[in-house]
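Report on one structure; see the data block that follows.
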Amino acid sequence: MAPQIEVPQTVEWQGKQVPVWSMSTIDYGLLLSQDPAEVEKVVKACLEEGYFYLSLQNVDGRRMLGDQQDLLKLMHRFFESPIEQKNEFGLISSHLGYEPVGSRTGAFGPGTKDGYEMLKVSRDEIQRGSPKVPSPVKNSGDLSVLENNIGSCNTICKVILSALSTGMGLNGASRFENSHRNDRPSATTLSMMHYLPEEITGTNKRGHQKHTDISSLTLLFSEQWGLQVRPPGTCGAREMGFVAPKPGCAFVHVGDSLRFASGMKFNSCIHRVVPFDPTEHRYSIAYFLRAEDDTMFQDSEGRFITAGQWHDEKFKAFTDPWQWQAMAPKSMILGGMKEDGADDPEPTEPSKVPSPVVKPTELTSVAVNA
């Protein structure tokens with residue numbers, strides 16, 4: 001039976017009412033204890049939707065919330081630094097270094113570019129010591145902040161993977177966490193993103209294109225609106241709708257690698273980022289837990305491919321010009337997930353965009369029991 005949801009609320013965006021999709025909230029403390037009901041709940045969320053809120057408002061999760069606030073302070077200082085300092089090393093590899101604004105396709109289709117700059121720190125690099133990070137954040141205090149965040153995020157993701165393995169009845173080497181060992185090379189990355197106001201980037205550099213993530217799990221923190229998801233359904237996916245920031249919670253979603261590892265049972269989350277308020281600076285933190293580079297799985301095209309190869313192919317697709325992206329298999333950008341219906345039209349001019357005041361209303365569709 002197809003997953004059903006409650007009637008969503010909406011917010012006003014680009015002159016129309018856009019859904020705010022509801023989703024499950026998983027308690028991290030209960031998951032850490034392998035509470036059977038919570039394990040069943042997180043498995044259901046990954047099977048039916050591919051995303052959920054993770055509540056960290058307990059003694060086990062509050063450390064991560066504190067680490068996140070420390071990281072936000074570091075991000076503000078880093079992104080306010082001169083471009084020459086931020087771009088000291090450039091993009092050293094696909095999962096380490098600095099990406100300036102406009103490196104990828106934007107949220108509104110062909111001819112647009114993204115509206116964010118990003119600093120990426122590799123978990124493997126942090127583990128090796130003396131990491132290649134730009135000088136504005138290379139003092140011992142900043143390195144401790146980065147290390148604390150990577151350690152906390154990594155632990156949280158491993159707890160989720162363990163619960164999913166248990167809930168799916170996996171044993172021994174087949175358990176998901178056994179392809180995510182800390183001592184094996186992977187492209188696991190802590191990414192810090194700064195979305196700039198449109199008055200700085202212009203209207204042709206906004207947001208981040210619709211996609212699924214390369215990762216196994218993505219742990220995302222943002223206190224601001226802008227993230228949209230497209231929930232899966234039996235006739236393709238429903239329309240793009242917003243994810244409401246939820247205090248004390250992270251947003252977690254399934255990426256391609258975990259979908260492949262589950263034999264396509266889990267849904268990979270189709271999402272994008274749009275300028276909800278085009279006048280603000282938006283900050284978000286994403287921890288991309290990725291499988292060991294030599295992990296083998298079968299992708300949505302039926303190919304047997306390693307996690308490292310999938311990462312490299314999809315990263316190239318992200319950074320390719322939109323003309324090349326259009327020629328690539330749709331399974332690359334969307335991980336083989338199906339969708340139905342067109343995306344929203346080109347947005348109105350910035351001067352005509354209404355104030356981003358949240359106005360919850362009910363849609364007229366009828367709710368059906370889950």
Quiz item: What number of residues within the stretch 21-42 are surrounded by fewer than 20 Cβ atoms within 10 Å (Cβ to Cβ) and under 20 Å from the mean Cα position of the chain (by Cα)?
Solution: 3
Quiz prompt | 3 or more residues within 27 Å of L334 (Cα to Cα): qualifying helices (runs of 4 or more DSSP H) within the stretch 20-106 | solution = 36-48
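This table checks each residue for (1) aliphatic (A, V, I, L, M); (2) farther than 29 Å from C46 by Cα; (3) modelled with pLDDT under 75; (4) exposed (fewer than 13 other Cβ atoms within 10 Å of the Cβ).
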| site | (1), (2), (3), (4) |
| --- | --- |
| W310 | no, no, no, no |
| E313 | no, no, no, no |
| G335 | no, no, no, no |
| G341 | no, no, yes, yes |
| D344 | no, no, yes, no |
| T348 | no, yes, yes, yes |
| V353 | yes, yes, yes, no |
| V368 | yes, no, yes, yes |
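Right, L71: over 26 Å from P231 (Cβ atoms), of a type in the set (A, V, I, L, M), over 18 Å from the mean Cα position of the chain (by Cα) and crowded, with 17+ Cβ neighbours inside 10 Å or not? Break it down into steps so the answer makes sense when it comes.
Working: over 26 Å from P231 (Cβ atoms): yes; of a type in the set (A, V, I, L, M): yes; over 18 Å from the mean Cα position of the chain (by Cα): no; crowded, with 17+ Cβ neighbours inside 10 Å: yes.
The answer is no for L71.
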Quiz item: Considering the stretch 275-296 alone, what residues qualify as being over 18 Å from W13 (Cβ atoms) and of a type in the set (V, I, T)?
Solution: I285, T295
Quiz item: With P136, P110 as the choices, which residue is over 24 Å from G241 (Cα atoms), surrounded by fewer than 21 Cβ atoms within 10 Å (Cβ to Cβ) and in contact with a Phe, Trp or Tyr (Cβ under 8 Å, 6 or more places away or on another chain)?
Solution: P136
Quiz item: Name the pairs: first residue in the stretch 305-327 and under 22 Å from R290 (Cα atoms), second residue outside any helix (DSSP H, G or I) and at pLDDT below 75, Cβ to Cβ under 6 Å, at least 6 apart or on different chains?
Solution: A317/A328
Exercise. For Y287, work out the one condition from (1) in contact with a strand residue (DSSP E or B) (Cβ under 8 Å, 6 or more places away or on another chain); (2) surrounded by fewer than 18 Cβ atoms within 10 Å (Cβ to Cβ); (3) in contact (Cβ under 8 Å) with a residue 24 or more places away in the chain; (4) of a type outside the set (V, I, T) it doesn't fulfil.
Key: (2)
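Evaluate the stretch 216-223: report whether one residue or more is modelled with pLDDT of 95 or more and farther than 20 Å from R282 by Cα. Give the derivation first.
Going residue by residue through the stretch 216-223, those that are modelled with pLDDT of 95 or more are 216-223.
Those left that are additionally farther than 20 Å from R282 by Cα: 216-217.
The answer is yes; a qualifying residue exists.
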Exercise. Name, by its number, the condition in (1) part of a loop (DSSP other than H, G, I, E, B); (2) modelled with pLDDT under 95 that does not hold for D294.
Key: (2)
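The values are calculated or read from the model by the stated rules, or taken from the named source; none is laboratory data. Fair warning: this is a prediction, and the values are worked out from it, not measured in the lab. All Cβ positions, even for glycine, are placed from backbone atoms using ideal geometry, and neighbour counts span all protein chains on display.
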